Amino acid sequence: MDGNGRWAKKRLMPRGYGHQAGMNAMIKLAEYAKMCGVKYLTVYALSTENLSRPADELEGLFNLFRKYFTKNVKKLYARGSAVKIIGDLSVLPQDVAQVVSDGEKNSPADADFTLVFAINYGSRAEILRAVNIAVDGGKKLDGNAFEALLYTGGIPDPDLIIRTGGEIRLSNFLMYQAAYAELYFTETLFPDFDEKEFDKALNNYSGRERRFGKI
Ligand code: IPE
Ligand code: MG
């Protein structure tokens, strides 16, 4: 979800205004993705690297979680959707970590849509954590057993990864899981990434030929 800051700057507004707009766009997008038949939508809300942003910007982001997270999770539950968190909550402010982890606790087991929320998430940290759990376990693992140790254990690999905001890189997002994902990059800044933009991405995806290394 890249481009919130630039979106705000274009409007001569502080970056936090862009994050607020980005959050609104994300909520709409989750509803629309569900309507389109998407089963899992993973949003990269905060990377491990984002945690070194200036304190006032981080505080603004945390305030968004404090204010809106629970409310929106309840809305998702009311529609039979589930919420799952991936990332390391332990270094977030205690109350924010609480709000976020509470958010996944009462998810329905039989949800037809799951919003996966990546917060203080980074693939390198995720893989390292899994390796250390495996080492502590003391025996060699096969692929399935290793994947179960990732934050995404139980969640299927992504079919499509969308990055908004014009950069053409993954920035430590689902690096293991994205092995065969289709990638879609758009200049559109995240707060402007609406239903129409999502349709464009899905149409583009539907024209891809996925061979998974075969012929
Ligand atoms: C992405 O928007 C949102 C978060 C990382 C929380 P940015 O904050 O990276 O926006 P730009 O890239 O500065 O426009
Ligand atoms: Mg950015």
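Quick notes on this structure:
- The distance linking the range 117-131 with the range 13-37 is 23 Å (Cα centroid to Cα centroid, whole angstrom).
- For L183, the residues whose amide H sits under 5 Å from its own are I161, ignoring neighbours fewer than 5 places away on the same chain, with H placed 1.01 Å from N.
- Helical runs assigned H by DSSP (4 residues or longer) give the chain a calculated mean residue ellipticity at 222 nm of -14500 deg cm²/dmol, each run adding -39500 (n - 2.57) before division by the residue total.
- 10 Å Cβ shell holding at most 15 others, DSSP loop, chymotrypsin sites (Phe, Trp or Tyr not before Pro): longest site-free stretch of the chain: 1-175
- Fully extended contour minus Cα-Cα distance, from S206 to K9, at 0.36 nm per residue: 67.5 nm
- Amide H partners (placed H, <5 Å) of T42, local residues excluded: V116
- Computed from the C-beta positions of S90 and Y176 and an R0 of 30 Å, the FRET efficiency is 0.90 to the nearest 0.05.
- Excluding ligands, DNA and RNA, the accessible surface per residue across the chain is 56 Å² with a 1.4 Å probe.
- Highest-MSF residue in the chain out of P108, P93, P158 [GNM, Cα springs under 10 Å]: P93
- Computed in the context of the full set of protein chains, the accessible area of the range 93-171 at 1.4 Å probe radius has 51% of its extent on carbon or sulfur.
- Distance between the 7 Å Cα→Cβ label points at K71 and I127: 3.9 nm.
- If you sort the three axes of the alpha carbon gyration tensor as a ≥ b ≥ c, you get a/c of 1.5 or more for the range 117-160 and a/b no higher than b/c, which makes it oblate.
- Prolate/oblate/rounded call for the range 170-213, Cα gyration tensor, a/c under 1.5 rounded: oblate
- Charge dipole (debye, nearest 20) of the range 27-132; +1 at Cβ of Lys and Arg, -1 at Cβ of Asp and Glu: 360 debye
- Globularity index of the range 115-197 is 1.29 (Cα radius of gyration / 2.2 N^0.38 Å, N = number of residues).
- Under the Debye formula (equal points on every Cα, no solvent term), log10 I(q)/I(0) of the range 82-158 at q = 0.17, 0.20 Å⁻¹: -0.76, -0.97
- Ranking L128, L76 from most to least accessible surface, computed with a 1.4 Å probe over the protein chains only, gives L128, L76.
- Solvent-accessible area assigned to carbon and sulfur over the range 9-64 amounts to 59 percent, based on a 1.4 Å probe.
- Three-way shape call for the chain based on the alpha-carbon gyration tensor, with the a/c threshold at 1.5: rounded
- Rounded accessible area of V91 (nearest 10 Å², 1.4 Å probe): 90 Å²
- Karplus-derived 3J(HN,Hα), 6.51/-1.76/1.60, for each residue of the range 19-33, Hz, glycine and proline x: 5, 4, 5, x, 5, 4, 4, 5, 5, 4, 5, 4, 4, 5, 4
- With a Förster radius of 45 Å applied to the beta-carbon distance between E59 and I215, the computed FRET efficiency rounds to 0.30.
- Applying the Karplus relation 6.51 cos²θ - 1.76 cosθ + 1.60 with θ = phi - 60° to the range 87-96 yields 3J(HN,Hα) values of x, 9, 7, 5, 9, 7, x, 3, 5, 5 Hz, where x marks Gly and Pro.
- For A82, the residues whose amide H sits under 5 Å from its own are F113, T114, L115, ignoring neighbours fewer than 5 places away on the same chain, with H placed 1.01 Å from N.
- The distance from the alpha carbon centre of the range 60-81 to that of the range 149-215 is 24 Å, rounded to a whole number.
- The range 129-204: GluC sites (Glu not before Pro) in DSSP loop, at most 11 other beta carbons within 10 Å: E187
The values are calculated or read from the model by the stated rules, or taken from the named source; none is laboratory data. Just so it is clear, the model here is predicted, and its values are computed rather than measured. Here the Cβ is made from the backbone with ideal geometry for all residues, glycine too, and neighbour counts use every protein chain on show. Just the protein is used for accessible areas: all its heavy atoms, side chains included, with ligands, DNA and RNA removed. Shrake-Rupley method; radii C 1.70, N 1.55, O 1.52, S 1.80 Å.
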